[in-house]
Amino acid sequence: QVQLVESGGGLVQPGGSLRLSCAASGNPFGIVAMGWYRQAPGKQRELVATINSGDSTNYADSVKGRFTISRDNAKNTVYLQMNSLKSEDTAVYYCNVRSVLADYWGQGTQVTVSS
């Protein structure tokens, strides 16, 4: 059974940095892409960044130049380095792994940007 375990969320001041990690256990077969989504209170879940099996990346316009997604294939782990954080980045961040068989989601980790 595939499980995604996220870590790295927390409270940070505006302008600060956080690094999120998501490790996929259960050896998911045929990973196509890994990514991060977020959902702020009262809003729909939105894409933050994805990285595919060829290491091509895609970012939401709102995070370009501030966030960097990367992956460690050997560890089935995806990372999100978040710099220059803003209050509008406050949300629950969800890890996603898309394989040829299914989509998997993490439980979410809270990121709060506040002074």
Fill in: Criterion: out of contact with any helix residue (DSSP H, G or I) (no Cβ under 9 Å at 6 or more places or on another chain) and under 16 Å from Tyr93 (Cβ atoms) - qualifying residue of Gly54, Gly8, Gly15
Gly8
Worksheet item: Here are some conditions: (1) aliphatic (A, V, I, L, M); (2) over 12 Å from the mean Cα position of the chain (by Cα); (3) surrounded by 14 or more Cβ atoms within 10 Å (Cβ to Cβ). Leu11 meets all but one. Which one does it not meet?
Response: (3)
Discussion item. Yes or no: the range 68-79 includes at least one residue that is touching a Lys or Arg at 6+ places or on another chain (Cβ under 9 Å), not in a strand (DSSP E or B) and not small (Gly, Ala, Ser).
Written reply: no
Worksheet, complete the sentence: In the range 93-115, anything within 28 Å of Phe29 (Cα to Cα), surrounded by 19 or more Cβ atoms within 10 Å (Cβ to Cβ) and hydrophobic (A, V, I, L, M, F, W, C) is listed as Cys95, Val97
Worksheet, complete the sentence: Condition set of a type in the set (A, V, I, L, M, F, W, C) and open to solvent by 50 Å² or more (accessible area, probe 1.4 Å), scope the range 25-56, selection farthest from Asp103 (Cα to Cα): answer is Leu47
Response to the item:
Residue count, the range 71-82, condition over 21 Å from Asp61 (Cα atoms) and open to solvent by 40 Å² or more (accessible area, probe 1.4 Å), comes to 4
Worksheet item: Hey, Asn58 hits all of (1) in a strand (DSSP E or B); (2) in contact (Cβ under 8 Å) with a residue 40 or more places away in the chain; (3) more than 16 Å from Gly108 (Cβ to Cβ); (4) not β-branched (Val, Ile, Thr) but one; which does it fall short on?
Response: (2)
Practice prompt. Confirm whether Gly16 is out of contact with any Ser or Thr (no Cβ under 6 Å at 6 or more places or on another chain), open to solvent by 30 Å² or more (accessible area, probe 1.4 Å) and not in a strand (DSSP E or B).
Written response: no
Worksheet entry | Lone unmet requirement of (1) in a strand (DSSP E or B); (2) surrounded by 14 or more Cβ atoms within 10 Å (Cβ to Cβ) for Leu85 | (1)
Practice prompt. Among the numbered conditions (1) open to solvent by 40 Å² or more (accessible area, probe 1.4 Å); (2) modelled with pLDDT under 95; (3) within 21 Å of Arg98 (Cβ to Cβ), tell me where Val2 comes up short.
Written response: (1)
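The values are calculated or read from the model by the stated rules, or taken from the named source; none is laboratory data. A quick note: this is a predicted structure, and the numbers were derived from the prediction, not measured. In this analysis, Cβ positions are derived from the backbone assuming ideal geometry, glycine residues included, and neighbour counts consider all displayed protein chains. Side chains are part of the model used for accessible areas, which takes the heavy atoms of the whole protein and leaves out ligands, DNA and RNA. Shrake-Rupley method; radii C 1.70, N 1.55, O 1.52, S 1.80 Å.
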